[in-house]
Amino acid sequence: MSWHPRYRSSKFRHVYGKAASKDKCYDSVPITLNVHDNHFCAVNPNFIAVVTECSGGGAFLVIPIEQTGKLDPHYPRVCGHKGSVLDIKWNPFNDFVIASCSEDATVKIWDIPSQLLKRNITTPKKELLGHSRRVGLIEWHPTADNILFSSGYDYKIMIWNLDVQDAVLLKPVKILDIHKDVVLSMSFNTDGSLLATACRDRNIRVIDPRAGTVLQEASHKSHRVNKVLFLGNMKKLFSTGTSWWNNRQIALWDQNDLSVPLLEEDLDGSSGLLFPIYDSDTHMLYVVGKGDGNIRYYEISPEKPYLNYLMEYRSALPQKGIGMMPKRGLDVAACEIFRFYKLIPTKSLIEPISMIVPRRSDSYQEDIYPLTAAAQPALTAREWLNGINKGPLLVSLRPGSGAVTSVPEFLEPEPLTETTDLSQQQRGEGRMSLEDKQMPRETKSVRRGLKEEEILPKNKQMCLHNGFDIFNCPPPKTENELLQMYYRQQEEIRRLRELVNQRDIRIKQLELELRN
């Protein structure tokens, strides 16, 4: 069982949930009363979008993330659908583009202005007309630009290429007609080469979306699946559903062998759906219950017992849906590793809940903030459709790194040559490094204070940082490799700076001892 691990060290063992104060919540929001099993909320660092209750069609609100407090009852809406809106998703590479699907069998793409909305938005940027029945799910591709998946009650999954000029698209680039019932859930692996689906026929399928073939299929009698999720690069799937006795149940699967689950566990006897949410950076899994106020969270490990229970956030206010803030929108100064936006229709309230790692230090905690997915696509739509796979571009969340919202533009990479004098290498290149451009005064003053013997010893011993040779390595071949090398060099400069500070303190201590 994953409930009571005896002894296990973890950085996230004491993570706790902290609800925002009343003035940081979004009040008087007319949250939809639709009973469809979706999140009904989408969040990015600029906006929060929530499906709203309205008459005469479907609509959703787009509220600036900083505009907390009571919402104006006449606040403008995005209201171009003729039926109820069932799902909304922000473009992961453009914070001002959102997709929505509806009971009117259409998918619409909307441009959201950067300034405050003054009137209703009724004309979409693009309209996708391919499904014959209502569309219940949409998902953006995680690494390719302008690729959208939609799933409808016609049992079909359609792949759309939005990188075209047409405002109305009648035919998708690919139709996956391999399900015998309604698709309840879709999830991509890290590079978007595989798609996992949960269907109402109780089957879990792992699909190659470009070939349109089913690679793995599971039908377990004791687990009626509702939602399925890829667990990053762990080569595992996580699903939520119900058991024979209608208990809420979770299960863990090997993505290469779905014949028998690796783990199966009953949670409770509630009737609400369970939404699984995975954070691939921290390997933490959150299970959010619909209709109750609980958020359980676990840590995933590659070895048994695989699922390690950490804690449970409890609240008396039941949630109808949930929104998740991308990592680039978190408050790293407060050691916030995840943030939920909880929809509470009984009070017309959206309540942010921050998951925080308790730390005493106010400095940036690098161990809980590894490199995370950037807001830049790794592939174009055409490249992905032609069969190319590529993982997401990575950025650092460190304040001042200048690469949280976009990937920095690099000059033509030059081979890094072996040298015994860092300052001579910089003068020989005749230009400042990227770190110098961001912090010129501080970096120059530190480097003036450093002696050659402190940077590199005379025997030409190379400087190693985390097992990585900074000055003797092959030149990067891809933009992602160049980005990783850039951050490694930044970390090395910061390490040297800390070394200088420690030696300055030691010098002052010795001077004080001499005076005494």
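The values are calculated or read from the model by the stated rules, or taken from the named source; none is laboratory data. Owing to the predicted nature of the structure, the values given are computational and were not obtained by experimental measurement. Every residue, glycine as well, gets a Cβ built from its backbone with ideal geometry; the counts of neighbours run over all protein chains shown. Each accessible area value is taken on the protein alone, full model and side chains, heavy atoms only, with ligands, DNA and RNA left out. Shrake-Rupley method; radii C 1.70, N 1.55, O 1.52, S 1.80 Å.
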Amide hydrogen neighbours beyond the local backbone of Q216, cut-off 5 Å, H modeled: V206
What relative contact order, as a whole-number percentage, does the range 16-395 give when Cα pairs under 8 Å and 6 or more residues apart are counted? 14 percent
Can you give me the solvent accessible area of L129 with a 1.4 Å probe, rounded to the nearest 10 Å²? 60 Å²
Of all accessible surface on the range 345-405 at a 1.4 Å probe, what whole percent is carbon and sulfur? 49 percent
Residue-ordered couplings for the range 255-268, obtained by feeding phi - 60° into the Karplus form 6.51 cos²θ - 1.76 cosθ + 1.60 and rounding to whole Hz (Gly and Pro as x), are 5, 8, 8, 9, 5, 9, x, 5, 8, 9, 8, 7, 9, 7
Solvent-accessible surface ranking, highest first, for W245, W160, W90 at 1.4 angstrom: W245, W90, W160
Rounded to the nearest 20 debye, dipole of the range 263-334 from Cβ charges on Lys, Arg, Asp, Glu: 340 debye
By accessible area (1.4 Å), largest first, R339, R224 order as R224, R339
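Accessible area per residue of the range 16-395 at 1.4 Å probe, in Å²?
For the range 16-395, the solvent-accessible area averages 40 Å² per residue.
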Could you run the Karplus curve 6.51 cos²θ - 1.76 cosθ + 1.60 with θ = phi - 60° over the range 67-79 and give me ³J(HN,Hα) per residue in whole Hz, x for Gly and Pro? 8, 8, x, 7, 8, 4, x, 9, 4, x, 10, 9, 9
Under 5 Å between amide H atoms, partner at least 5 residues away or on a different chain: which partners does K236 have, H built in plane at 1.01 Å? L231, Q255
Taking amide H atoms as placed 1.01 Å from N in the peptide plane, list the residues 5 or more away in sequence, or in a different chain, whose amide H sits under 5 Å from that of H81. G58
Rank these by accessible area, largest first, 1.4 Å probe: R210, R133. R133, R210
